[in-house]
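The values are calculated or read from the model by the stated rules, or taken from the named source; none is laboratory data. Not measured: the values here are computed from a predicted model. Cβ sites come from the backbone with ideal geometry, for glycine too, and all protein chains shown count toward neighbours. All accessible areas refer to the heavy atoms of the entire protein, side chains included, with ligands and DNA or RNA removed. Shrake-Rupley method; radii C 1.70, N 1.55, O 1.52, S 1.80 Å.
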Amino acid sequence: MSAQAEKEKKMPRSWTVAEEPKEVYRNWGCTVEEQKFVNPATGKVELFVFIQQKRWSVVLAVTKDKQVLVNREWYQGAGEVVVGLQAGTGSFLTNDTAEDAQEVMIRELLEETGYEAGRIIPLGYSWMAARKSHTRPEHFLALDCEKVGEPRLDPGEKIDVQLVPIAQWLQWCQDGTVREPSAITTTMRALPHLGVKLTIG
C-alpha cells in the first residue's frame, strides 16, 4: 500500500445517517433526541443521544477606557457563581435563524449591563459539545461600549456586573478563574482585534 493510500485510510470519514432524529424529551427550551448512524469503520449501526438547546450569543464587551464588562451569576449546572460574559438566547432553537444572533447579543448586553456597543465584530461560532449536540454559541466582540441606562433583568435573574481591566480578564482566563467555555473562546478570538499577540516559546 502506498504512503498516500495509507494516509487516506487513516483519515476520518463521514458517518451515514441510518435514521432521522427522534425527539424523546422536551422541556425548558431543551430537547433530547436519539439518532442512529452507520460507523464507516465497522459498518455497524450505532445510537447517539443529542442534547439540543437554543443557540446563544456571547459577547466580550469592552468600554472606551479598555475595561471588560464581566458577569457573575449563579449557574445551576456548575453549582456555583460563574465568572463570565454577557450571553443569552433568542427565539431560535438549535441553529435556525428565527432571530439574528447579533440582534440577540445587542439586546442581552443592554439588558444585563445597561451598555451599548460603539462597534461590533462578529467572531464566528463554536460547538457547545460537538459529539453530543448540534447547538452552537455565536461569538462577538463589542468595542467602545458606553453606559446608556440601567440593567433590565428578567424576574428571578441576579447578575453582578463588574468592570475589569483587559489584562486582568486575560489573566483570569488563563489561571482558571474563568471556566465558562464560550467566554474563553470569545476572548481568544477577540485577541487580534484587541492588539494582543500570543508569543510561543
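Modelled spin-label separation between Ser14 and Cys30, with each label point placed 7 Å from Cα along the Cα-to-Cβ direction: 3.0 nm.
Which length gain, in nm to one decimal place, applies between Ala41 and Val148 when the Cα-Cα distance is subtracted from 0.36 nm times their residue separation?
Details: separation 107, 0.36 × 107 = 38.52 nm, distance 5.68 nm.
Gain on stretching Ala41 to Val148: 32.8 nm.
Evaluated over the chain, the count of Lys pairs having alpha-carbon atoms less than 30 Å apart is 29 (only pairs 8 or more residues apart or interchain).
For Arg136, the residues whose amide H sits under 5 Å from its own are Trp56, Met128, ignoring neighbours fewer than 5 places away on the same chain, with H placed 1.01 Å from N.
Do you know the relative contact order of the chain, to the nearest whole percent, from alpha carbon pairs under 8 angstrom that are 6+ apart? Each step should come with its number before you reach the end.
Details: 396 pairs, mean separation 40.9, N = 201.
Here the relative contact order equals 20 percent.
Positive-end ranking of Gln168, Leu143, Val81 along the dipole of the chain, with charges on Cβ about the Cα centre, is headed by Gln168. In the chain, helices alone account for a calculated mean residue ellipticity at 222 nm of -6000 deg cm²/dmol, with every DSSP H run of four or more residues adding -39,500 (n - 2.57). Surface exposure of the chain, expressed per residue as accessible area with a 1.4 Å probe, stands at 61 Å². The fraction of accessible area contributed by carbon and sulfur in region 41-141 is 51 percent, rounded to a whole number (1.4 Å probe; ligands and nucleic acids excluded). If the Kirkwood radius is taken over C-alpha pairs of region 32-84, then at 4 °C and 1.567 mPa s the Stokes-Einstein diffusion coefficient equals 84 µm²/s.
Placing pseudo-labels 7 Å out from each Cα toward the beta carbon at Gln76 and Ile184 gives an inter-label distance of 2.5 nm. Derived scalar couplings between HN and Hα for region 58-69 equal 9, 9, 8, 9, 10, 7, 4, 9, 6, 10, 8, 7 Hz in order, rounded to whole Hz, by the Karplus curve 6.51 cos²θ - 1.76 cosθ + 1.60 (θ = phi - 60°), x for Gly and Pro.
Match the structure shown to one of the listed values (i) 18.5, 73; (ii) 20.1, 68; (iii) 21.8, 76 of Rg and Dmax of the Cα atoms in Å, computed from it, and give that label. Only one listed value fits the structure, namely (ii).
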